[in-house]
Amino acid sequence: MTNQSADIAFVVNLDYLGLPYDTCRMFWLIIERAMLDAGFELDGREFIAPNKQSAIKLARDVMAKLEPTFESLGYSRFEAVREFYCYKRRSRIDLNIADAVDSFGVEEIPDIPV
């Protein structure tokens, strides 16, 4: 696993409310394989990469290259994927930890160039 404080997490949320479960499951497996093949690491349902501009471009490229696959199944990528975003992992706060709210400070984090 890469250094969490220097990582970016990429999140892909499918349209679970509008599409059948089996369709979403198939799309997730396709996306998961493509992202892993591109070099991302999987942590739960997040794809992790070092915090580099190239990682953002790579993630976008992976999803764009999947468009013909989505279309062959009768959907566009934009119909199937509700959210596709990234964030710096060091900004994540696990609220399952009892003292999480008391143990962090807020700092301004510059935007990731796009």
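The values are calculated or read from the model by the stated rules, or taken from the named source; none is laboratory data. The shown structure was predicted, so the numbers you read here are calculated from the model rather than taken from an experiment. All Cβ positions, even for glycine, are placed from backbone atoms using ideal geometry, and neighbour counts span all protein chains on display. In case anyone asks, the SASA skips ligands and DNA or RNA and just uses the protein heavy atoms, side chains included. Shrake-Rupley method; radii C 1.70, N 1.55, O 1.52, S 1.80 Å.
Worth pointing out:
- Residues that are closer than 17 Å to E83 by Cβ and either basic (K, R) or over 15 Å from the mean Cα position of the chain (by Cα) (or both) within the stretch 26-65 comprise R45, R60, listed in sequence order.
- At least 2 residues being among the aromatic types (F, W, Y) and either at pLDDT below 95 or surrounded by 12 or more Cβ atoms within 10 Å (Cβ to Cβ) (or both) is the threshold, and among the helices (runs of 4 or more DSSP H) wholly inside the stretch 3-86 those reaching it are 21-37.
- Qualifying residue in the stretch 90-111 (condition: of a type in the set (K, R), assigned to a helix (DSSP H, G or I), open to solvent by 80 Å² or more (accessible area, probe 1.4 Å) and modelled with pLDDT of 75 or more): yes
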